[in-house]
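Only one structure is covered here, and it is reproduced in the block below.
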Amino acid sequence: MSAIRFKAILTRQLDRLFDRVAELVRDCVFYKTESSAGTGLLSPASLTAGVKALVAAYRSGDIDGSSVQVGDERLLIRARELQDVPMPGAGDYVIEVLTGLRREVIAARLDPTGTFWTIQGRRSYGEDWGDLTVFTLAEDWGDLTGATLFEDWQS
């Protein structure tokens, strides 16, 4: 009696699914945000991976208002695309290549066969990284030499 090869079957079916619902699949870049184990401070993202994410909305019954909020999305990403990223999880983020839309990773779970990650993503609109214009004007607050001029605001 031979064992059922769930991983091979699931991998083929997942590839078919991504092909058939191409309008729901987004080209993205996954960013792993690292932190120092000693201090807990976040460092700039040094691990990235180009991925295809199948984006779907949560059903209304899944939305509890605390851990899953209105507007959260479920992203399915094939595990082989994230093989160079150790343990995706909260604090990481995904950016769509075409639109630049950023989704914060709230939670991530690998399926039991190790074939795909289910990621709870939350759209992030508050990041303003400026634009590409050249920095041209700044106020000069001086240096560390002793003060030589003071303003007197009293009469």
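The values are calculated or read from the model by the stated rules, or taken from the named source; none is laboratory data. Everything numeric in this text was worked out from a predicted model, so none of it was measured. As a convention, Cβ positions derive from the backbone with ideal geometry for all residues, glycine included, and neighbour counts pool all protein chains shown. SASA here: full protein model, heavy atoms, side chains in, ligands and nucleic acids out. Shrake-Rupley method; radii C 1.70, N 1.55, O 1.52, S 1.80 Å.
Pairs meeting the criteria (first residue in region 7-19 and of a type outside the set (Val, Ile, Thr), second residue open to solvent by 70 Å² or more (accessible area, probe 1.4 Å) and outside any helix (DSSP H, G or I), beta carbons under 7 Å, at least 6 apart or on different chains) are PHE18/LYS52. Evaluation of ILE77 against the conditions (1) at pLDDT below 90; (2) open to solvent by less than 20 Å² (accessible area, probe 1.4 Å) shows that the sole unmet condition is (1). Tallying residues that are closer than 12 Å to PHE30 by Cβ and loosely packed, with under 15 Cβ neighbours inside 10 Å within region 90-118 yields 1. Among the residues of region 85-110, those that are under 19 Å from LEU14 (Cβ atoms), over 8 Å from the mean Cα position of the chain (by Cα) and either without any contact (Cβ under 8 Å) to a residue 40 or more places away in the chain or in a strand (DSSP E or B) (or both) comprise ALA108, ARG109, LEU110.
Taking the options ALA57, ALA22, ALA49, name whichever one is small (Gly, Ala, Ser), under 20 Å from GLY114 (Cα atoms) and either at pLDDT 85 or above or surrounded by 15 or more Cβ atoms within 10 Å (Cβ to Cβ) (or both). Being small (Gly, Ala, Ser), under 20 Å from GLY114 (Cα atoms) and either at pLDDT 85 or above or surrounded by 15 or more Cβ atoms within 10 Å (Cβ to Cβ) (or both) holds for just one of ALA57, ALA22, ALA49, which is ALA49.
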